[in-house]
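Reading through the structure tokens given below for one structure.
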Number of protein chains: 2
Amino acid sequence: MVGTPDFAQMLRRCGGRATPGRLRLMRALWKETAPVTAARLQKSLGGALNLATLYRALDALAEDGVVRRVDFRHGHAHYELAAPARAHHHHLACTGCGAVEDVACTLRPRLKRTSAFSTITDHAMEYFGLCKACGARGPERGGRIWTGAGE
Amino acid sequence: MVGTPDFAQMLRRCGGRATPGRLRLMRALWKETAPVTAARLQKSLGGALNLATLYRALDALAEDGVVRRVDFRHGHAHYELAAPARAHHHHLACTGCGAVEDVACTLRPRLKRTSAFSTITDHAMEYFGLCKACGARGPERGGRIWTGAGE
DNA sequence: CAATAAACGCGAATTATTTGCAATAATATC
DNA sequence: GATATTATTGCAAATAATTCGCGTTTATTG
């Protein structure tokens, strides 16, 4: 994935239309370095797209797997480009300041075949922790007593 | 974890109070077989707790790690008991019918030490796929299944 | 038993996300 | 190219889902 991917083709290939709006959306996502919210994306588009339209587009694109919806437990969704524009990866998010870092997928190749499922199409996986800055700042807030178990 | 855990002690141990409300909440969660929404939980509590109170409790408990917030990409959070009441695990969710199955954590023991982070405290990880029933039914109408619907 | 702060209920407020609908424009077809 | 078809869009209004303010109750601590 050297230069900018051919978004127009990418859009059309999954049954959509290469409208100026969606092209700008793709380019805006392409420039992001971490998953962004719909609101932030709209801002970075200079308000070029209506928020409703944006949600509809992101929804459709996520459905097609071109865009990936990420949950950082902030109460709202974040989005980023997925394959084929960006290689599969996951995230490590700082619960202190929100910094996000990409991490490689450390999953074992295959999940054991389970009884009730026939296919596994996707997975979400985010790590949470403290970046060095926040870690140094110490535990401002209480909590986390059962850390030892399991994690 | 044989019988019912000592929820009162569990609550107190992480700085909370063993109020009848929170005890009922814990017991209700304990009976669930899959992560539930706040609304569903309230219903299963017979409305014993106000929804705002419920959210505040779940929030506090999640902060303490006693409860785990799970995201199935349905646009709202689901909750379940975490350690020490329940062993660490993840989920496999059917994007067709919403069926949920527990899966063991297949992560490698440790994430490689990264440059900008000092600690990793938690991780979220859900698989998405089709249960056998939905897989057999085939791609009815490729479309979003969960939007606006009940859960 | 009094003091203290956590937990609660209630209603109102926010925020995120969705929908209905009419207008517009990208593609496929002719 | 002209045209039909249908995805996409904007806008305004509607839904959720979740949070907040605040006065009251009540579980702990001592």
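Overview of results
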read-out	value
17 Å tail of the calculated P(r), segment B:37-77, as % of Cα pairs	32
Whichever aspartates and glutamates have a C-alpha closer than 19 Å to that of B:Lys43, once near sequence neighbours (fewer than 8 apart) are set aside	B:Glu32, B:Asp59, B:Glu80, B:Glu151
In Hz, Karplus ³J(HN,Hα) per residue of segment A:42-48 (6.51, -1.76, 1.60; θ = phi - 60°; x = Gly, Pro)	4, 4, 5, 9, x, x, 4
Two-site FRET efficiency, A:Asp64 against A:Lys132, from Cβ-Cβ distance with R₀ of 45 Å, rounded to 0.05	0.75
Solvent exposure ordering (accessible area, 1.4 Å, most first) of B:His76, A:His74	A:His74, B:His76
Relative frequency of Cα-Cα separations exceeding 19 Å in segment B:1-118, percent	51
Centroid-to-centroid separation of segment B:61-112 and segment B:1-58 [C-alpha atoms, Å]	17
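The values are calculated or read from the model by the stated rules, or taken from the named source; none is laboratory data. This one's a predicted model, so the numbers in the text were calculated from it and none came from an experiment. Here the Cβ is made from the backbone with ideal geometry for all residues, glycine too, and neighbour counts use every protein chain on show. We work out accessible area using only protein heavy atoms, side chains counted, and drop any ligands, DNA or RNA first. Shrake-Rupley method; radii C 1.70, N 1.55, O 1.52, S 1.80 Å.
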